[in-house]
Amino acid sequence: MTSKKIKEASLELIAERGYCQTTLSLIAERVGIKKPSIYSHFQSKEDIFFSILEDETKNLNIYIENIYYDIKKYELEEMLYLIIYKFAEYFNNNMTLAKFWSLVMYFPPYSLEQEFKFDITKYKIYECIYRNIKEKTKNKKLDEEKMKNIMHSYEVILRGILTMIIYDSDFTIEKIDQIIKVYFNGIKNELTENLS
């Protein structure tokens, strides 16, 4: 139970202060234990961080997989909209996680950057989008270059929404509808050209 509390406190502190400003002393204080007690559960701050990253990557990947199955019944445009909306909803409902993932994506601790496995989650998002587009277009041959452009544009919009959720107090999840209408005009054009 204490290791779970240590990870929860660490996640909150990292989201609030950043990785470098989060110390084992602060973690111990937040949990209500002495600093040496942490070593009964984790070898170092890095060990705690990677344990959190592994847990949250797994949680996000499960969420993405569930999105894939939940949206299969919808038409292409609504399905593409729901991928964005559900991604935004995931982070909008948990600001601590939003800030943690923002740190992981944009400001990874320099000393740990090479050890990150974030590409696994990125691949899951791409796979979810690609599989759905392929199924909805009835497996017609899709131009790989255009599909890459669609995937990259999705990544840009997802990262942008995450950033807006965290840093723009005027941004609401309801604004996603307006953003997506503009975005989909471009996607529709790409897919129409791609399938004609």
### Query
List pairs: first in segment 91-114 and among the small types (Gly, Ala, Ser), second not in a loop (DSSP other than H, G, I, E, B), Cβ under 7 Å, 6+ apart or cross-chain?
Ala98/Phe91; Ala98/Leu162; Ala98/Ile165; Ala98/Ile166; Ser102/Leu162; Ser102/Thr163; Ser102/Ile166
### Message
I'm trying to understand the selection: among the residues of segment 57-109, which are over 26 Å from Asp168 (Cα atoms), out of contact with any Leu (no Cβ under 9 Å at 6 or more places or on another chain) and hydroxyl-bearing (Ser, Thr, Tyr)?
### Response
Tyr68, Tyr69
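Count, please, the residues in segment 158-171 that happen to be touching a helix residue (DSSP H, G or I) at 6+ places or on another chain (Cβ under 6 Å) and closer than 18 Å to Ile64 by Cα.
Looking only at segment 158-171, we keep the residues that are touching a helix residue (DSSP H, G or I) at 6+ places or on another chain (Cβ under 6 Å), and these are 158, 161-162, 165-166, 171.
With the extra rule that they be closer than 18 Å to Ile64 by Cα, the set shrinks to 158, 161-162.
Result for segment 158-171: 3.
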### 1 or more residues farther than 25 Å from Tyr183 by Cα: qualifying helices (runs of 4 or more DSSP H) within segment 1-114
2-17, 24-31, 35-38, 45-71, 95-106
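Taking Tyr85, is it crowded, with 16+ Cβ neighbours inside 10 Å and not hydrophobic (A, V, I, L, M, F, W, C)?
Working: crowded, with 16+ Cβ neighbours inside 10 Å: yes; not hydrophobic (A, V, I, L, M, F, W, C): yes.
Criteria met by Tyr85.
To keep it simple, each residue is scored yes or no on (1) among the hydrophobic types (A, V, I, L, M, F, W, C); (2) in a helix (DSSP H, G or I); (3) out of contact with any Phe, Trp or Tyr (no Cβ under 9 Å at 6 or more places or on another chain); (4) modelled with pLDDT of 80 or more.
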site: Lys140; (1), (2), (3), (4): no, no, yes, no
site: Lys146; (1), (2), (3), (4): no, yes, yes, no
site: Glu155; (1), (2), (3), (4): no, yes, no, yes
site: Ile161; (1), (2), (3), (4): yes, yes, no, yes
site: Ile166; (1), (2), (3), (4): yes, yes, no, yes
site: Asp170; (1), (2), (3), (4): no, no, yes, yes
site: Val182; (1), (2), (3), (4): yes, yes, yes, no
site: Asn185; (1), (2), (3), (4): no, yes, yes, no
site: Asn189; (1), (2), (3), (4): no, yes, yes, no
### Query
What pairs come up if the first residue lies in segment 32-47 and is polar (S, T, N, Q), the second is part of a helix (DSSP H, G or I), and their beta carbons are under 7 Å apart, counting only those six or more places apart or on different chains?
Ser37/Ala28
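Identify all residues within segment 11-59 that are among the aliphatic types (A, V, I, L, M) and within 20 Å of Tyr106 (Cα to Cα); write none if there are none.
Residues of segment 11-59 that are among the aliphatic types (A, V, I, L, M), as a first pass: 11, 13-15, 24, 26-28, 31, 33, 38, 48, 52-53.
Hits for segment 11-59 are Leu11, Leu13, Ile14, Ala15, Ile48, Ile52, Leu53.
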### Task
Could you please find all residues in segment 20-65 being under 21 Å from the mean Cα position of the chain (by Cα) and β-branched (Val, Ile, Thr)?
Ile48, Ile52, Thr57, Ile62, Ile64
### Query
Has segment 113-122 got any residue that is within 19 Å of Asn59 (Cβ to Cβ), modelled with pLDDT of 75 or more and in the same structural domain as Lys148 (by TED's automatic domain parsing)?
no
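The values are calculated or read from the model by the stated rules, or taken from the named source; none is laboratory data. On a predicted model such as this, the values are computed, not experimentally measured, just so you know. Heads up, the Cβs are rebuilt from the backbone with ideal geometry, glycines too, and the neighbour counts pull from every protein chain shown.
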